[in-house]
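Single-structure report; data block below.
The values are calculated or read from the model by the stated rules, or taken from the named source; none is laboratory data. Since the model is a prediction, treat every value here as computed from it, not as a measurement. Heads up, the Cβs are rebuilt from the backbone with ideal geometry, glycines too, and the neighbour counts pull from every protein chain shown.
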Amino acid sequence: MEQTRTVHSVGLEELSQAARYRRYLFELVEPHLGDSVLEVGAGVGDFAAQLTGRRRLVVTDSDPFCLWSLRERLGDRPEVEVCALELPGEVAINPPVDSVVAINLLEHLDDDVAALRSMRSAAVPGGNVVLIVPGYPALYGEYDRAVGHLRRYTPQTLRQAVEAAGLRVAVLRPVNLLGGLAWWVAVRVGGRARPTPMLVRLYDRLVVPMVRLTERHFAPPFGQSVICVATVPAD
């Protein structure tokens, strides 16, 4: 089983306390999504719960608890479909969607190129595959190992994987410079195995608003994460 959502879900407790951070990720991703969306590795639905007003929203995971949570949380929305999906593998989504999104998932998968090919197969020609991944191997620490991260990406290594999967890069850049610096201090220099609830709250209250403000005006050369928007070739 290559898509290990059970391990990935170790980090859900921290994210549940970081409402501003979840909103920040949503603001990065949402403008690149079309009217029909497939979210791969949706977890307990923190991103999908924010994504409203679409004609169709398919949310998937491979973990039984996450699938139960998605049905409980989103099952009453008529545009939502909840499906089991494990990557890499066949993505039986019919008809294909305008866009596929995967947030903090690709780093868990042994064969990231094969997983990206599976995502590409679910999108229409000209559609988007939108990715957010943890950035920069220099930030890799005990927390990454605890939650099952196999790697952290640079823009260059993410480009290599995306292009090897037959996708064309439209947007590719690091994001969250201040978060990357805070991560380095708290996790790498401080030696913490995982962020404490207090650190998560301070980060969400103090750092995230500054990131949202400053990165509207400049593109950081480094960051806690890397965002990529890749298009499915029309041919």
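Which of (1) assigned to a loop (DSSP other than H, G, I, E, B); (2) acidic (Asp, Glu); (3) within 23 Å of ARG173 (Cα to Cα) does ASP98 not meet, given it meets every other one?
Exception for ASP98: condition (1).
Any residue in segment 121-133 that's closer than 19 Å to ARG159 by Cβ and of a type in the set (A, V, I, L, M, F, W, C): show its pairings with residues that are assigned to a strand (DSSP E or B) and modelled with pLDDT under 95 at Cβ separation under 9 Å, as long as the two are six or more apart or on different chains.
Short answer, once both residue conditions are applied: none.
For segment 134-152, how many residues are out of contact with any Leu (no Cβ under 8 Å at 6 or more places or on another chain) and touching a residue at least 40 places away in the same chain (Cβ under 8 Å)?
The qualifying residues number 13.
Can you say whether GLU14 is surrounded by fewer than 22 Cβ atoms within 10 Å (Cβ to Cβ), charged (D, E, K, R), at pLDDT below 95 and not in a loop (DSSP other than H, G, I, E, B), as far as the supplied structure shows?
Spelling it out, GLU14 is indeed surrounded by fewer than 22 Cβ atoms within 10 Å (Cβ to Cβ), charged (D, E, K, R), at pLDDT below 95 and not in a loop (DSSP other than H, G, I, E, B).
Could you please give the count of residues in segment 46-65 that are within 20 Å of VAL130 (Cβ to Cβ) and touching a residue at least 40 places away in the same chain (Cβ under 8 Å)?
Looking only at that region, the number is 4.
Can you tell me which of ALA170, ALA161 is modelled with pLDDT of 90 or more, crowded, with 19+ Cβ neighbours inside 10 Å and not polar (S, T, N, Q)?
The conditions single out ALA161.
Yes/no matrix, rows are residues, columns are (1) in contact with a Lys or Arg (Cβ under 8 Å, 6 or more places away or on another chain); (2) at pLDDT 95 or above:
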site: SER9; (1), (2): no, no
site: TYR24; (1), (2): yes, no
site: SER36; (1), (2): yes, yes
site: VAL40; (1), (2): no, yes
site: THR60; (1), (2): no, yes
site: PRO78; (1), (2): no, yes
site: LEU87; (1), (2): no, no
site: GLU90; (1), (2): no, no
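Filter segment 221-235 down to residues that are surrounded by fewer than 22 Cβ atoms within 10 Å (Cβ to Cβ) and of a type in the set (Ser, Thr, Tyr), then give me how many there are.
The total comes to 1.
Of the residues MET198, MET210, which single one is exposed (fewer than 14 other Cβ atoms within 10 Å of the Cβ) and at pLDDT below 90?
None of the others qualify; the one that does is MET198.
Take the residues in segment 66-81 that are in contact (Cβ under 8 Å) with a residue 24 or more places away in the chain and outside any loop (DSSP other than H, G, I, E, B); name whichever of them is surrounded by the fewest Cβ atoms within 10 Å (Cβ to Cβ).
My answer is GLU81.
Just to verify a result, which residue in segment 87-111, among those that are under 23 Å from GLY34 (Cα atoms) and among the charged types (D, E, K, R), is surrounded by the most Cβ atoms within 10 Å (Cβ to Cβ)?
Checking each candidate, the answer is ASP98.
Output the residues belonging to segment 209-228 that are in a loop (DSSP other than H, G, I, E, B) and not small (Gly, Ala, Ser).
GLU215, ARG216, HIS217, PHE218, PRO220, PRO221, PHE222, GLN224
Among the residues in segment 96-105, are any at pLDDT below 95 and either more than 18 Å from the chain's Cα centre (by Cα) or among the β-branched types (Val, Ile, Thr) (or both)?
Within segment 96-105, none of the residues are at pLDDT below 95 and either more than 18 Å from the chain's Cα centre (by Cα) or among the β-branched types (Val, Ile, Thr) (or both).
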